[in-house]
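Each remark here refers to the structure printed beneath this line.
The values are calculated or read from the model by the stated rules, or taken from the named source; none is laboratory data. Treat the numbers as computed from the prediction; the structure is a model and nothing was measured. Here the Cβ positions follow ideal geometry from the backbone for every residue, glycine too, while neighbour counts run over all protein chains shown.
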Amino acid sequence: MEQQEQATLTPKLIFQKIIETKDLVLKNWWILLIMVGIGTAIGYYVDSENNKRIQYISRIVFSISGSKSGSEMGNFGSLLGMGAPQGDAGLFSGENLFYVIKTRPVLERALLTPIKLANGKTELFANYYLDSTYLREDEWASFLPEWTKVRITHTSRDSMSKLERQVFDGVLYKVRDREISISQPNMKTAFNELAVSMENEIVARTFSYLLLETIERVYQENQTRKSREMMGIMKKRVDSLGAVLNRTESRLAQTTVINTEAVAPTAKVEEGRLTRSTTFVSSLYLEASRSLESLKMSIVKEAPLFTIIEPPVLPLETKLFTRQNMKFGAIIGFFVAIIFILAKQTYVEALRDLKKKTVKS
């Protein structure tokens, strides 16, 4: 029977089932209302716990330009017997940039960057963040009191103690998950918007600039990595040719002094040979030195540039409350209500069929 019912499944039957489900949900509207209300209330509570204080939003609209082309580096590649270096621009394009900017290496580098405070002292940004926000009071004081007294003293996570590492990770997770976002404000343009939302206006503005500078440095290092490797090879070649040139010049000078007193014509053979070697090595050395200097200038030109289109302006935009979890709770409550109504109706029908079978027997 079940196989026959499945075989006769038609679009008309599907629409009938959809209409029956809609009527069933409307008939039990009070269940739907209660579940949505419960989900909304839970979401509201979570939002209120996560947003106890005013948030200051620092927005920076920027663009990325100045990527290098492989044709510019073709002469250096051919000189070394290599192909032209190619940058990995795709790593920082589109949605990839949105992911990279929230990765641990980028955030660790930004949070562990020393900054100069208004009083002239230098402090790691992670400590400045802890001293200027309410993370310790709102989230750690009740459950992790030992964390409230810890300060970050190392610029490398590997050098930190276990407790120091836990505190630093607590800062990193909060910043990554709740306080930074990046998006493309207009799909018709190539501009990106970095938004930092924190409890301190100056801290939010400082970190937005710091994070943008960090991702720019990471981008430039990635784009020029192969060129810098090529420059290292070229530097070794220049040093090697320079050492050979010094040796040949020294031998030529010694031979020239000896030959001034020599009478035999064969004495001039060695001097001529050293002269040719010196001239040849000298030309190679000058060519390699010229290529090395050009390569250094090219690395500067090929480095991508982050251009700030719209900087954050004080006073910053503020927000007291977000409704993300409340909306999510309402949606979850809606689907739970529908599932409950359908399950309840299925149970009633199954119970009715069981009674009918009992009466017949």
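Could you please give the count of residues in segment 1-34 that are surrounded by 11 or more Cβ atoms within 10 Å (Cβ to Cβ) and either of a type in the set (Gly, Ala, Ser) or at pLDDT 80 or above (or both)?
Qualifying residue count, segment 1-34: 7.
Consider Ala89 carefully, then state whether it is under 28 Å from Ser183 (Cβ atoms) and at pLDDT 85 or above. Talk me through it step by step, then tell me what you get.
Values: under 28 Å from Ser183 (Cβ atoms): yes; at pLDDT 85 or above: no.
Taking the combined requirement at face value, the residue does not satisfy it.
Tell me which of these Leu241 doesn't satisfy, since it passes every other one: (1) assigned to a strand (DSSP E or B); (2) not assigned by TED's automatic domain parsing to the domain that holds Pro315.
With (1) assigned to a strand (DSSP E or B); (2) not assigned by TED's automatic domain parsing to the domain that holds Pro315 applied to Leu241, the lone miss is (1).
Answer yes or no as to whether Ile215 is surrounded by 17 or more Cβ atoms within 10 Å (Cβ to Cβ), at pLDDT 80 or above and in the same structural domain as Glu179 (by TED's automatic domain parsing). Working first, answer last.
Details: surrounded by 17 or more Cβ atoms within 10 Å (Cβ to Cβ): yes; at pLDDT 80 or above: yes; in the same structural domain as Glu179 (by TED's automatic domain parsing): yes.
So Ile215 fits the description; yes.
For segment 247-268, which residues satisfy the criterion of being of a type in the set (Val, Ile, Thr) and modelled with pLDDT of 75 or more?
Start the filter on segment 247-268 by keeping residues that are of a type in the set (Val, Ile, Thr), which leaves 248, 255-258, 260, 263, 266.
Passing the criteria: only Thr248.
Would you tally the residues in segment 164-215 being assigned to a strand (DSSP E or B) and of a type outside the set (S, T, N, Q)?
Within segment 164-215, the subset assigned to a strand (DSSP E or B) is 180-183, 192-198.
After this cut, where a residue has to be of a type outside the set (S, T, N, Q) as well, the list is 180, 182, 193-196, 198.
So the count comes out to 7.
Restricting attention to segment 122-136, and to residues there that are part of a helix (DSSP H, G or I) and in contact with a helix residue (DSSP H, G or I) (Cβ under 8 Å, 6 or more places away or on another chain), which single residue is nearest to Glu201 (Cα to Cα)? Outline the logic, then answer.
Narrowing segment 122-136 to residues part of a helix (DSSP H, G or I): 125-132, 135-136.
Checking which are in contact with a helix residue (DSSP H, G or I) (Cβ under 8 Å, 6 or more places away or on another chain) leaves us with 125-126, 128-130, 132, 135-136.
On the way: Phe125: 14, Ala126: 16, Tyr128: 13, Tyr129: 11, Leu130: 14, Ser132: 10, Leu135: 15, Arg136: 18 Å.
Selected residue: Ser132.
Within 30 Å of Phe62 (Cβ to Cβ) and either at pLDDT 80 or above or assigned to a loop (DSSP other than H, G, I, E, B) (or both): does that describe Ile308?
Values: within 30 Å of Phe62 (Cβ to Cβ): yes; either at pLDDT 80 or above or assigned to a loop (DSSP other than H, G, I, E, B) (or both): yes.
Yes.
Here is a list of conditions, (1) of a type outside the set (Val, Ile, Thr); (2) closer than 20 Å to Ser65 by Cα; (3) surrounded by 19 or more Cβ atoms within 10 Å (Cβ to Cβ); (4) modelled with pLDDT of 90 or more, and Ala204 meets all of them except one; can you say which number that is?
The one condition Ala204 does not meet is (2).
Of the residues Arg157, Arg178, only one is among the basic types (Lys, Arg) and crowded, with 16+ Cβ neighbours inside 10 Å; which?
Values: Arg178 fails: crowded, with 16+ Cβ neighbours inside 10 Å.
Testing whether each residue is among the basic types (Lys, Arg) and crowded, with 16+ Cβ neighbours inside 10 Å leaves just Arg157.
Kindly check whether there is at least one residue in segment 56-66 that is modelled with pLDDT under 85, farther than 30 Å from Pro315 by Cα and not assigned by TED's automatic domain parsing to the domain that holds Ser291.
The answer is yes; a qualifying residue exists.
Mind checking which pairs have a first residue in segment 269-298 that is at pLDDT below 80 and a second that is acidic (Asp, Glu) and in a helix (DSSP H, G or I), Cβ under 8 Å, 6 or more apart or different chains?
Cβ pairs passing all conditions: Thr278/Glu249; Ser298/Glu72.
Conditions (1) farther than 22 Å from Leu124 by Cα; (2) of a type in the set (Phe, Trp, Tyr); (3) out of contact with any helix residue (DSSP H, G or I) (no Cβ under 8 Å at 6 or more places or on another chain), marked per residue:
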{"residue": "Val175", "(1), (2), (3)": "no, no, no"}
{"residue": "Pro185", "(1), (2), (3)": "yes, no, yes"}
{"residue": "Lys188", "(1), (2), (3)": "yes, no, yes"}
{"residue": "Tyr209", "(1), (2), (3)": "no, yes, yes"}
{"residue": "Ser240", "(1), (2), (3)": "yes, no, yes"}
{"residue": "Val244", "(1), (2), (3)": "yes, no, no"}
{"residue": "Thr256", "(1), (2), (3)": "yes, no, no"}
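Do the conditions hold for Asn119, that is, is it in the same structural domain as Leu210 (by TED's automatic domain parsing), part of a loop (DSSP other than H, G, I, E, B) and either among the aliphatic types (A, V, I, L, M) or at negative phi (or both)? Walk me through it before giving the result.
On the way: in the same structural domain as Leu210 (by TED's automatic domain parsing): yes; part of a loop (DSSP other than H, G, I, E, B): yes; either among the aliphatic types (A, V, I, L, M) or at negative phi (or both): yes.
Yes.
Tally time: how many residues in segment 186-200 are surrounded by 13 or more Cβ atoms within 10 Å (Cβ to Cβ) and under 18 Å from the mean Cα position of the chain (by Cα)? Give the steps one after another, and end with the answer.
Of the residues in segment 186-200, the ones surrounded by 13 or more Cβ atoms within 10 Å (Cβ to Cβ) are 191-200.
This time we only want the ones that are under 18 Å from the mean Cα position of the chain (by Cα), so: 191-197.
Summing the residues that are surrounded by 13 or more Cβ atoms within 10 Å (Cβ to Cβ) and under 18 Å from the mean Cα position of the chain (by Cα) in segment 186-200 gives 7.
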